[in-house]
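Note sheet for the following structure.
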Amino acid sequence: MRDLKNYKVGAPAPVTLKGRFVTLEPYEREKHLQGLWGALGGAEGINNLLKYFPNEDYATADDLDRWLQSVRQAGGYVTLIARENATGEIVGMASYMRPDPKNGVVEVGSVAHGLAMKRSPMSTELHYLMAKHVFDDLGYRRYEWKCHNENEASKVTARRYGFTFEGVFRQHVISRGANRDTAWFSMIDSEWPVIKAAFEAWLAPENFDADGKQKRKLEDIRTEIAEGTAA
């Protein structure tokens, strides 16, 4: 077993992560709020998009900002804003949550992909960049993904990215005045080399046709790499 007597890592800090399709930037109100509010649908669309978030509905961009500021101050969240490289437009967000440096554990959450980001390489690259920073730069041992157990789309996405389902915490929290059972997923450092190689193969230019459609699925690439490694 790995000797962890001298294991030590720091808490995630605001960081800029740049990929081929998208760049992640630490949230700043003046720089990002209005663009983020618009990308997430504004008053007409944001609350449907974020219906599985545990906090109350947002009426204004200031409400969204107050929540982002509160979780940073109280919970140590590091919120990163996704900006499309091709257009410079803000397209979504995600956060490092509940950091536990003592044990090398951190969660990705508060994930919100705007319409421009959905079903595009940007969303996959966002999660590749965030996981890569956790394992390669910070040296963490465990990376978590949790979601409302009724959020089937989130569970499918977690599995697609290489997270392993660990179970359901029943009656985990009260969310929006109702019970929430929470599905838990994780990836760990020993799994990361295969997951990383699959991300990078999927994101490579040669995996996309002239119309920008994938040639091979991420899950299939990861399975092929894992089987090759085992052999």
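The values are calculated or read from the model by the stated rules, or taken from the named source; none is laboratory data. Quick caveat: nothing in here was measured; it's all calculated off a predicted structure. We place every Cβ from the backbone using ideal geometry, glycine too, and count neighbours over all the protein chains shown.
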- Subset of the range 116-149 [within 28 Å of Arg170 (Cβ to Cβ) and either part of a strand (DSSP E or B) or among the charged types (D, E, K, R) (or both)]: Arg141, Arg142, Tyr143, Glu144, Trp145, Lys146, Cys147, His148
- Message: Being surrounded by fewer than 19 Cβ atoms within 10 Å (Cβ to Cβ), of a type outside the set (Asp, Glu) and either in contact with a helix residue (DSSP H, G or I) (Cβ under 8 Å, 6 or more places away or on another chain) or in contact (Cβ under 8 Å) with a residue 40 or more places away in the chain (or both): is that true of Arg119 here?
- Response: no
- Note on the structure: All-but-one check, Ala198 against (1) in contact with a strand residue (DSSP E or B) (Cβ under 6 Å, 6 or more places away or on another chain); (2) outside any strand (DSSP E or B); (3) modelled with pLDDT of 95 or more, failing number (1)
- Task: Give just the number: which of (1) at pLDDT 95 or above; (2) surrounded by 14 or more Cβ atoms within 10 Å (Cβ to Cβ) does Glu166 not satisfy?
- Result: (2)
- Hey, among the residues in the range 159-195 that are in contact (Cβ under 8 Å) with a residue 12 or more places away in the chain, in a strand (DSSP E or B) and of a type in the set (Gly, Ala, Ser), which one's farthest from Val134 (Cα to Cα)? Ser175
- Note on the structure: Filtering the range 176-193 down to residues that are surrounded by 15 or more Cβ atoms within 10 Å (Cβ to Cβ) and either more than 18 Å from the chain's Cα centre (by Cα) or not hydrophobic (A, V, I, L, M, F, W, C) (or both) yields Arg180, Thr182, Ser186, Asp189, Glu191
